[in-house]
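> A single structure is presented below for examination.
Only the coordinates and a few stated rules stand behind these numbers; no lab work does. These numbers come from a predicted model, not from an experiment. Heads up, the Cβs are rebuilt from the backbone with ideal geometry, glycines too, and the neighbour counts pull from every protein chain shown.
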Amino acid sequence: MNLSGAFTGDTSAEMLKAIGAKYIIIGHSERRTYHQESDEFIARKFAVLKSQGLTPVLCIGESEEENSAGKTEQVCAHQIDAVLNSLSASAFENSVIAYEPIWAIGTGKLATPAQAQTVHKFIRDHITKQDPAIAEQVIIQYGGSVNASNAAELFSQLDIDGALVGGASLKADAFATTIFNPAAAAKKAS
């Protein structure tokens, strides 16, 4: 994998760093689907970002079919294992994992806070098997139809460290309420 050069349609880690980017989303379901990015390829991108001093935001999550078949944990483990197996648990130091069930992205569907907590705990426990200290400090966010009306309840869960907000971030007032005062946002939405 080249660090720099002219690669039409792509942006190098060096370019992102040069313009001041600090956090880089990788592994998003759209990239996995439309660009056929494999877990192993995403792990290589993760390594490049870390080598450039950038913070990877690793998106993981299952499709609706995988969720219905009870494969959520299996899918998430496989996506995390690509990084763990190629780089080790230490790669997750100063990194972010965003659990984004594909079936909830932009659909208005949402994992219940309890369901999201269960998956977030699974992710933390999965990393704990290799390195408890790294598992404790890794940031695990929830993404998938997060908005002002559901953020407070999601953020109250033990293992949900924040949110990766998509469409709801396009409305500045609602986004600010979601991020800076989720309890008030939930109260206002009810």
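> As a check on your grasp of the helix formula, calculate [θ] at 222 nm for the chain: sum -39500 (n - 2.57) over DSSP H runs of n ≥ 4, divide by the residue count, round to the nearest 500.
-13500 deg cm²/dmol
> (1) 1.41; (2) 1.02; (3) 1.37: which one is Cα Rg over 2.2 N^0.38 Å as calculated from this entry?
(2)
> By how many degrees, between 0 and 90 and to the nearest 10, does the Cα long axis of helix 113-128 differ from the longest principal axis of the chain?
30 degrees
> If you don't mind, another one. Quick check on segment 56-113: what does the Kirkwood estimate of hydrodynamic radius come out to from the alpha carbon pairs, in Å?
This gives a value of 12.3 Å.
> While we're on this one: Please name which of TYR23, PHE175, SER90 has its Cα lying farthest along the dipole of segment 13-189 towards the positive end, using unit charges on Cβ (Lys, Arg +1; Asp, Glu -1) and the Cα centre as origin.
Among TYR23, PHE175, SER90, the one farthest towards the positive end of the dipole of segment 13-189 is PHE175.
> About the Cα centre of the chain, how large is the charge dipole given +1 on each Lys and Arg Cβ and -1 on each Asp and Glu Cβ? Please answer in debye to the nearest 20.
480 debye
> Rounding to the nearest 10 and keeping the result within 0 to 90°, find how far the Cα-based axis of helix 39-51 lies from the longest principal axis of the chain.
Between helix and principal axis, roughly 80 degrees.
> Nearest 10 degrees, 0 to 90: what angle lies between the long axis of helix 72-87 and the longest principal axis of the chain (Cα atoms)?
30 degrees
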